[in-house]
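Here's the structure we're looking at; comments come further down.
Every number in this text was worked out from the coordinates using simple rules, so none of it is lab data. Computed from a predicted model, the values in this text were never measured in an experiment. When we count neighbours, we look across all protein chains shown, and the Cβ atoms used for this are built from the backbone with ideal geometry, even at glycine.
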Amino acid sequence: MMPTWGSWLLWGFIGTLVLSSVVAITQWLGMTRMSLPYLLGTMFTPDRDRAKLVGLILHFLNGWLIALIYLAIFHATRMQNWWFGGLLGLLQAIFVLAVALPALPALHPRVANEQYGPTVARQLEPPGFFGLHYGIQTPISIIVAHVIYGAILGAFCALD
């Protein structure tokens, strides 16, 4: 069973679009101040407006890449359905919140270090563990968005 490439492109895009929309809506509702595309974009440019576009493009490319990982797991386990995809999304969200976000100051040229604070070059607030520096409801936003992403891939992305 191999992925149908058209299905992977379509559902990886739709899953990422929904994930991005959920995070944007929760940001608009005041649940979080985190913008994953913005954080990605500022890794490559200090221009805040350009960073949003660059980050959005990178976010969708990451969404497609991660969809391939999901498909490989579906293939290896011979399990593919919405709840298994949602479970993988939960695991991905926990990784993002517990590992990737706390490591961001070490990887990102513009995120301040929690111990030393901001500098001229590093002015972005570090997300902290589970992204809590960006709002107490940030983990909820990220978990819900990733579970939905995984459920979409599990339910709709076709394997031959």
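Values for this structure:
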item: Fraction of alpha-carbon pairs over 20 Å apart in segment 5-156 - percent; result: 49 percent
item: Separation between Cα centres of segment 35-51 and segment 64-132, rounded to whole Å; result: 16 Å
item: Estimated [θ] at 222 nm from DSSP helical runs (n ≥ 4, -39500 (n - 2.57)) normalised by residues in the chain, nearest 500; result: -21000 deg cm²/dmol
item: Where only C-alpha atoms are counted, convex hull volume of segment 1-72 per residue in Å³; result: 88 Å³
item: Crossing angle, helix 138-156 versus the chain [Cα axis fit, 0-90 degrees, rounded to tens]; result: 20 degrees
item: Residue-by-residue Karplus 3J(HN,Hα) for segment 38-52, coefficients 6.51, -1.76, 1.60, Hz, glycine and proline x; result: 5, 4, 5, x, 6, 5, 10, 8, x, 5, 5, 5, 5, 4, 5
item: Furthest towards positive pole of dipole, Asn81, Gly154, Ile14, structure part the chain, Cβ charges; result: Ile14
item: Net dipole in debye of the chain [+1 Lys, Arg Cβ; -1 Asp, Glu Cβ; about Cα centre; nearest 20]; result: 120 debye
